[in-house]
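The structure under discussion appears below in the form of C-alpha cells.
A short reminder: the numbers here are calculations on the coordinates, not readings from a lab. Everything numeric here is computed off the predicted structure, so don't read it as measured data. Cβ: placed from backbone, ideal geometry, glycine included. Neighbour counts: every protein chain shown.
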Amino acid sequence: MEYYYYIKSFHLIFVITWFAGLFYIPRLFVYQIEAFHKPSPDKEILGKQLKLMAKRLWFIITWPSAILATLFAIWLLVLQPFWLQQPWMHVKLGFVVLLIIYHLKTHQYYKQLQNDVVKKTSSFMRIWNEGATFILFAVVFLVILKSAINWVWGVVGIFVLGVLIMLGFKVYKNIRNKNPDA
C-alpha cells in the first residue's frame, strides 16, 4: 500500500494551500473594506485591483484546494477505515466541519465585497482572520497527539496567543491612529 503515502502527501499539500488561502483572503477583505472608505479615485482603483486579487486567490487556490484536500481525506479514510473508530478522529472531523462552515461564511463575505456590499468593519475582518488559525492548531494537535483530550492544551496555547495578538492589534491601532503612515 505504498500509494497510501502519496495520497497522504497530496492531502497535506492541499490542506496547506487551503489554509494559505483562508489565511490571506480575510487580509484582502481588510484592504477592500479600507479602500471602500477612501475618496475617489483611490477607492475605484484599489477596489478593482483588490477584487481581482481576491477572485484569483479564492477560485484558483482556495476553493480547488478545499475540494482536493477533502477528496484526498475521504480516500485516506476509505483506505484506513479504522481511523473512524478513534475518538480523536471524531473530534478532528468536528473541527473539519467547523472549517467548512468557516470557509462557506468567508465565501459569503467574498461575494458581498465583490458586489461592493460592506457589512463588516476592517477590525472585524482582522479578528475573523484568526478563525482558521484556531482550527489549524486544534487539528494539528489532534493529529499529532492522537488524543481526544490533550489537544485542548494546544488550543489553550493558541487562545493565549490570540489574546496576545489582539493586544498587539490594539497597540498597533493606537500607533496607527497617531501616525496614519505606520
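Restricting to DSSP H runs of at least four residues, report the calculated mean residue ellipticity at 222 nm for the chain, -39500 (n - 2.57) per run over all residues, nearest 500 deg cm²/dmol. Can you show the working numbers first?
Details: 7 runs with 144 residues, N = 182.
Counting only the DSSP helices, I get -27500 deg cm²/dmol.
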To test your reading of the geometry: what angle, between 0 and 90 degrees and rounded to tens, separates the Cα axis of helix 131-145 from the longest principal axis of the chain? 20
Under 22 Å from the Cα of residue 178 - lysines, other chains or at least 8 residues apart: 38, 170
Run the simple label-point estimate for residue 115 and residue 163 please: 7 Å along Cα→C-beta, distance reported in nm. 4.0
What's the angle, to the nearest 10 degrees (0 to 90), between helix 42-56's Cα axis and the longest principal axis of the chain? 10
Working from Cα positions, state the angle (0 to 90°, nearest 10) between the long axis of helix 151-178 and the longest principal axis of the chain. 10
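Can you compute the FRET efficiency between residue 156 and residue 10 using 1/(1 + (r/R0)^6), with r the Cβ-Cβ distance and R0 = 25 Å? Round to the nearest 0.05.
Numbers: r = 32 Å, r/R0 = 1.27.
E between residue 156 and residue 10, to the nearest 0.05, is 0.20.
Once you have the Cα-Cα distance between residue 127 and residue 53, take 0.36 nm times their residue separation minus that, and quote the gain in nm to one decimal. Display every interim value, and only then the final one.
Numbers: separation 74, 0.36 × 74 = 26.64 nm, distance 2.07 nm.
My answer for the length gained is 24.6 nm.
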Sites residue 27 and residue 149, calculated FRET efficiency, Cβ-Cβ separation with R0 25 Å, nearest 0.05: 0.15
Run the paramagnetic zone check for residue 76: 7 angstrom along Cα to Cβ, then residues of the range 8-26 with backbone nitrogen under 17 Å. 8-20
Over the C-alpha atoms of the range 34-182, what are the Rg and the largest Cα-to-Cα span, Dmax, in Å? 19.1, 59
Packing-wise, with mean Cβ within 10 Å as the measure, how do 32-41, 161-170, 134-143 rank, highest first? 134-143, 32-41, 161-170
